[in-house]
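S.K.: The structure follows.
The values are calculated or read from the model by the stated rules, or taken from the named source; none is laboratory data. Here the structure is a predicted model, which is why all the values come from computation and not from measurement. Positions of Cβ are generated from backbone atoms using ideal geometry, with glycine treated the same way; all protein chains shown enter the neighbour counts. For accessibility, only protein heavy atoms count, side chains too; no ligands or nucleic acids. Shrake-Rupley method; radii C 1.70, N 1.55, O 1.52, S 1.80 Å.
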Amino acid sequence: MQIPDYDKALYYTLWGQWDDLLVLMVRTNDDMLSKKIQIFLHAYHYSLDQTKVVESHDTLLYYIDHAMKYTPAAVMEV
């Protein structure tokens, strides 16, 4: 069973698994998701302004939520 990138991104973002999120950023085929992850990770590691970190985090979560609405649910084959 293949777990969609959006599910992985949501899980990694909510649980603070930044290394896995970075790997997903490089491997995903969704350029917009990759860019949102890049912006968030950059703000998280380098920004001194906490509001930038929170805004980029929220923007990433909003994009993931939006994209998941248009992605079919993963179906396990038995």
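S.K.: Give the number of residues within segment 41-72 that are part of a helix (DSSP H, G or I), farther than 21 Å from Val26 by Cα and of a type outside the set (Asp, Glu). Spell out the reasoning first.
M.R.: At the first step, the residues of segment 41-72 found to be part of a helix (DSSP H, G or I) are 41-46, 50-69.
Next, only the ones that are farther than 21 Å from Val26 by Cα stay: 50-52, 54-55, 69.
The next check asks that each one be of a type outside the set (Asp, Glu); those that pass are 50-52, 54, 69.
Summing the residues that are part of a helix (DSSP H, G or I), farther than 21 Å from Val26 by Cα and of a type outside the set (Asp, Glu) in segment 41-72 gives 5.
S.K.: Mind checking which residues of segment 1-29 are more than 23 Å from Tyr70 (Cβ to Cβ) and open to solvent by less than 100 Å² (accessible area, probe 1.4 Å)?
M.R.: Gly16, Gln17, Trp18, Asp20, Leu22, Val23
S.K.: Another question about this same structure. Just give me the residues in segment 1-20 being closer than 19 Å to His42 by Cα, hydrophobic (A, V, I, L, M, F, W, C) and not in a helix (DSSP H, G or I), in sequence order.
M.R.: Hits for segment 1-20: nothing passes.
S.K.: Which one is nearest to Val23 (Cα to Cα) among residues in segment 35-75 that are surrounded by 12 or more Cβ atoms within 10 Å (Cβ to Cβ), small (Gly, Ala, Ser) and over 13 Å from the mean Cα position of the chain (by Cα)?
M.R.: Within segment 35-75, the match that is nearest to Val23 (Cα to Cα) is Ala43.
S.K.: For Met32, are the conditions met, namely being assigned to a helix (DSSP H, G or I), touching a residue at least 12 places away in the same chain (Cβ under 8 Å), of a type in the set (A, V, I, L, M, F, W, C) and open to solvent by less than 70 Å² (accessible area, probe 1.4 Å)?
M.R.: Numbers: assigned to a helix (DSSP H, G or I): yes; touching a residue at least 12 places away in the same chain (Cβ under 8 Å): yes; of a type in the set (A, V, I, L, M, F, W, C): yes; open to solvent by less than 70 Å² (accessible area, probe 1.4 Å): no.
Here the answer is no, as Met32 does not meet what is asked.
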